[in-house]
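Let me begin by presenting the structure, written as C-alpha coordinates, before commenting on it.
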(Lines give C-alpha, C1' and ligand atoms only; values in the text may rest on other atoms or scores of the structure.)
Protein backbone atom coordinates (compact mmCIF):
# COMPACT_ATOMS: atom_id res chain seq x y z
CA UNK A 1 0.00 0.00 0.00
CA UNK A 2 1.24 3.46 -0.74
CA UNK A 3 1.61 6.25 1.78
CA UNK A 4 -1.31 8.21 0.37
CA UNK A 5 -3.60 5.21 0.71
CA UNK A 6 -2.37 4.56 4.24
CA UNK A 7 -3.55 8.00 5.35
CA UNK A 8 -7.12 7.21 4.22
CA UNK A 9 -7.35 3.73 5.77
CA UNK A 10 -10.21 3.13 8.19
CA UNK A 11 -8.66 0.83 10.77
CA UNK A 12 -10.86 -1.65 12.60
CA UNK A 13 -10.08 -3.13 16.00
CA UNK A 14 -8.91 -6.27 14.17
CA UNK A 15 -6.50 -4.26 12.00
CA UNK A 16 -5.01 -2.65 15.10
CA UNK A 17 -4.74 -5.87 17.11
CA UNK A 18 -3.25 -7.93 14.27
CA UNK A 19 -1.09 -4.99 13.15
CA UNK A 20 0.35 -4.73 16.67
CA UNK A 21 1.20 -8.44 16.65
CA UNK A 22 2.84 -8.01 13.23
CA UNK A 23 4.99 -5.17 14.57
CA UNK A 24 6.30 -7.54 17.24
CA UNK A 25 6.83 -10.36 14.71
CA UNK A 26 8.63 -8.04 12.29
CA UNK A 27 10.91 -6.73 15.05
CA UNK A 28 11.83 -10.30 15.98
CA UNK A 29 12.33 -11.19 12.31
CA UNK A 30 14.51 -8.12 11.70
CA UNK A 31 16.71 -8.99 14.68
CA UNK A 32 17.09 -12.66 13.78
CA UNK A 33 17.61 -12.33 10.01
CA UNK A 34 19.39 -9.01 9.57
CA UNK A 35 16.49 -7.45 7.67
CA UNK A 36 15.76 -10.19 5.15
CA UNK A 37 12.32 -10.06 3.51
CA UNK A 38 9.53 -12.31 4.74
CA UNK A 39 6.52 -13.44 2.68
CA UNK A 40 3.09 -12.36 3.92
CA UNK A 41 2.07 -15.97 4.65
CA UNK A 42 5.29 -16.63 6.57
CA UNK A 43 4.85 -13.43 8.58
CA UNK A 44 1.34 -14.53 9.60
CA UNK A 45 2.71 -17.98 10.52
CA UNK A 46 5.42 -16.35 12.63
CA UNK A 47 2.86 -14.15 14.38
CA UNK A 48 0.68 -17.17 15.10
CA UNK A 49 3.65 -19.06 16.55
CA UNK A 50 4.39 -16.11 18.85
CA UNK A 51 0.70 -15.82 19.90
CA UNK A 52 -0.84 -19.29 19.49
CA UNK A 53 -3.92 -18.41 21.57
CA UNK A 54 -4.78 -15.26 19.57
CA UNK A 55 -7.95 -16.31 17.72
CA UNK A 56 -8.11 -13.07 15.72
CA UNK A 57 -4.58 -13.56 14.38
CA UNK A 58 -5.37 -17.23 13.82
CA UNK A 59 -8.19 -16.30 11.40
CA UNK A 60 -6.06 -13.84 9.41
CA UNK A 61 -5.42 -14.59 5.70
CA UNK A 62 -2.81 -13.04 3.38
CA UNK A 63 -5.33 -11.06 1.31
CA UNK A 64 -6.12 -8.98 4.39
CA UNK A 65 -2.55 -8.22 5.38
CA UNK A 66 -2.25 -4.94 3.46
CA UNK A 67 -4.25 -2.88 5.94
CA UNK A 68 -2.43 -4.47 8.86
CA UNK A 69 0.87 -3.47 7.23
CA UNK A 70 -0.55 0.03 6.76
CA UNK A 71 -1.00 0.07 10.55
CA UNK A 72 2.65 -1.07 10.96
CA UNK A 73 3.79 1.62 8.53
CA UNK A 74 1.71 4.27 10.29
CA UNK A 75 3.14 3.29 13.67
CA UNK A 76 6.72 3.48 12.36
CA UNK A 77 6.11 6.85 10.71
CA UNK A 78 4.36 8.35 13.75
CA UNK A 79 7.18 7.12 16.01
CA UNK A 80 10.01 8.20 13.65
CA UNK A 81 11.16 4.58 13.31
CA UNK A 82 12.45 2.72 10.25
CA UNK A 83 9.60 1.15 8.22
CA UNK A 84 9.23 -2.42 9.49
CA UNK A 85 6.52 -3.07 6.89
CA UNK A 86 9.14 -2.97 4.13
CA UNK A 87 10.25 -6.47 5.17
CA UNK A 88 6.86 -8.02 4.31
CA UNK A 89 6.75 -9.11 0.68
CA UNK A 90 4.65 -10.89 -1.91
CA UNK A 91 5.74 -14.55 -2.06
CA UNK A 92 5.63 -14.66 -5.86
CA UNK A 93 7.88 -11.62 -6.40
CA UNK A 94 9.74 -11.49 -3.05
CA UNK A 95 9.30 -7.71 -3.27
CA UNK A 96 6.99 -5.29 -1.44
CA UNK A 97 3.60 -4.56 -3.00
CA UNK A 98 3.36 -2.40 -6.14
CA UNK A 99 2.47 0.69 -4.08
CA UNK A 100 5.84 0.68 -2.32
CA UNK A 101 7.94 3.66 -3.43
CA UNK A 102 10.83 3.81 -0.94
CA UNK A 103 14.49 2.79 -1.23
CA UNK A 104 13.92 -0.83 -0.28
CA UNK A 105 17.54 -1.84 0.31
CA UNK A 106 18.25 1.25 2.45
CA UNK A 107 15.07 0.76 4.49
CA UNK A 108 15.85 -2.91 5.10
CA UNK A 109 19.34 -1.98 6.33
CA UNK A 110 17.86 0.72 8.60
CA UNK A 111 15.36 -1.77 10.06
CA UNK A 112 18.08 -4.38 10.62
CA UNK A 113 20.49 -2.01 12.37
CA UNK A 114 17.92 -0.18 14.54
CA UNK A 115 17.68 -0.78 18.31
CA UNK A 116 14.02 -1.78 18.70
CA UNK A 117 14.12 -2.07 22.51
CA UNK A 118 12.13 1.15 23.03
CA UNK A 119 9.46 0.38 20.41
CA UNK A 120 6.98 -1.51 22.60
CA UNK A 121 5.88 1.41 24.82
CA UNK A 122 5.43 3.52 21.69
CA UNK A 123 3.38 0.74 20.10
CA UNK A 124 1.06 0.57 23.12
CA UNK A 125 0.49 4.33 22.92
CA UNK A 126 -0.04 4.36 19.15
CA UNK A 127 -2.44 1.38 19.26
CA UNK A 128 -4.42 3.13 22.01
CA UNK A 129 -4.71 6.28 19.91
CA UNK A 130 -5.85 4.27 16.89
CA UNK A 131 -8.44 2.38 18.99
CA UNK A 132 -9.82 5.71 20.25
CA UNK A 133 -10.20 6.87 16.63
CA UNK A 134 -12.38 3.90 15.57
CA UNK A 135 -15.83 5.20 14.59
CA UNK A 136 -18.50 4.30 17.14
CA UNK A 137 -20.64 2.89 14.32
CA UNK A 138 -18.25 -0.07 13.93
CA UNK A 139 -19.84 -2.64 16.20
CA UNK A 140 -17.97 -5.96 16.33
CA UNK A 141 -20.08 -9.09 15.91
CA UNK A 142 -19.62 -12.80 16.47
CA UNK A 143 -18.63 -15.16 13.66
CA UNK A 144 -22.06 -16.75 13.10
CA UNK A 145 -23.96 -13.43 12.63
CA UNK A 146 -21.13 -12.21 10.37
CA UNK A 147 -21.40 -15.38 8.27
CA UNK A 148 -25.19 -14.99 8.01
CA UNK A 149 -24.83 -11.32 6.99
CA UNK A 150 -22.29 -12.24 4.29
CA UNK A 151 -24.46 -15.08 2.95
CA UNK A 152 -27.48 -12.77 2.69
CA UNK A 153 -25.39 -10.16 0.86
CA UNK A 154 -23.81 -12.79 -1.40
CA UNK A 155 -27.20 -14.23 -2.39
CA UNK A 156 -28.52 -10.84 -3.49
CA UNK A 157 -25.25 -9.65 -5.14
CA UNK A 158 -23.86 -12.74 -6.88
CA UNK A 159 -22.38 -10.91 -9.91
CA UNK A 160 -20.46 -8.49 -7.65
CA UNK A 161 -19.15 -11.46 -5.67
CA UNK A 162 -18.03 -13.54 -8.67
CA UNK A 163 -14.32 -13.06 -7.93
CA UNK A 164 -14.54 -13.99 -4.24
CA UNK A 165 -12.37 -17.04 -3.46
CA UNK A 166 -12.36 -19.04 -0.21
CA UNK A 167 -9.62 -16.96 1.49
CA UNK A 168 -11.41 -13.80 0.33
CA UNK A 169 -14.57 -15.01 2.04
CA UNK A 170 -12.59 -15.64 5.24
CA UNK A 171 -11.27 -12.08 5.16
CA UNK A 172 -14.75 -10.69 4.45
CA UNK A 173 -16.09 -12.57 7.48
CA UNK A 174 -13.18 -11.17 9.53
CA UNK A 175 -14.10 -7.66 8.38
CA UNK A 176 -17.78 -8.19 9.20
CA UNK A 177 -16.77 -9.44 12.64
CA UNK A 178 -14.75 -6.22 13.01
CA UNK A 179 -17.89 -4.18 12.32
CA UNK A 180 -17.79 -3.35 8.61
CA UNK A 181 -20.86 -3.80 6.43
CA UNK A 182 -20.79 -6.50 3.68
CA UNK A 183 -20.41 -4.08 0.77
CA UNK A 184 -17.49 -2.22 2.39
CA UNK A 185 -15.86 -5.53 3.32
CA UNK A 186 -16.22 -6.85 -0.23
CA UNK A 187 -14.77 -3.66 -1.74
CA UNK A 188 -11.84 -3.71 0.67
CA UNK A 189 -11.00 -7.33 -0.22
CA UNK A 190 -11.34 -6.75 -3.97
CA UNK A 191 -9.12 -3.65 -3.70
CA UNK A 192 -6.51 -5.68 -1.78
CA UNK A 193 -6.55 -8.39 -4.44
CA UNK A 194 -6.22 -5.83 -7.22
CA UNK A 195 -3.27 -4.22 -5.46
CA UNK A 196 -1.58 -7.59 -5.20
CA UNK A 197 -2.22 -8.17 -8.91
CA UNK A 198 -4.46 -11.17 -8.28
CA UNK A 199 -7.36 -9.97 -10.41
CA UNK A 200 -7.26 -10.23 -14.19
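The values are calculated or read from the model by the stated rules, or taken from the named source; none is laboratory data. What you see is a predicted model, and the numbers here were worked out from it, not measured in a lab. No Cβ is skipped: glycine too gets one built from the backbone with ideal geometry, and neighbour counts run over all protein chains shown.
Brief remarks on what is shown
- The set of residues from segment 129-144 being assigned to a helix (DSSP H, G or I) and surrounded by 11 or more Cβ atoms within 10 Å (Cβ to Cβ) comprises 129, 130, 131, 143.
- Qualifying residue in segment 62-74 (condition: at pLDDT below 95, part of a loop (DSSP other than H, G, I, E, B) and at negative phi): no
- Subset of segment 9-49 (residues that are crowded, with 16+ Cβ neighbours inside 10 Å, more than 11 Å from the chain's Cα centre (by Cα) and assigned to a helix (DSSP H, G or I)): 13, 24, 25, 26, 27, 29, 30, 42, 46, 47, 48
- Residue check, residue 88 under 18 Å from residue 45 (Cα atoms), exposed (fewer than 14 other Cβ atoms within 10 Å of the Cβ) and either at pLDDT 95 or above or in the same structural domain as residue 44 (by TED's automatic domain parsing) (or both): no
- When segment 158-180 is filtered for residues that are touching a residue at least 24 places away in the same chain (Cβ under 8 Å) and out of contact with any helix residue (DSSP H, G or I) (no Cβ under 8 Å at 6 or more places or on another chain), nothing remains.
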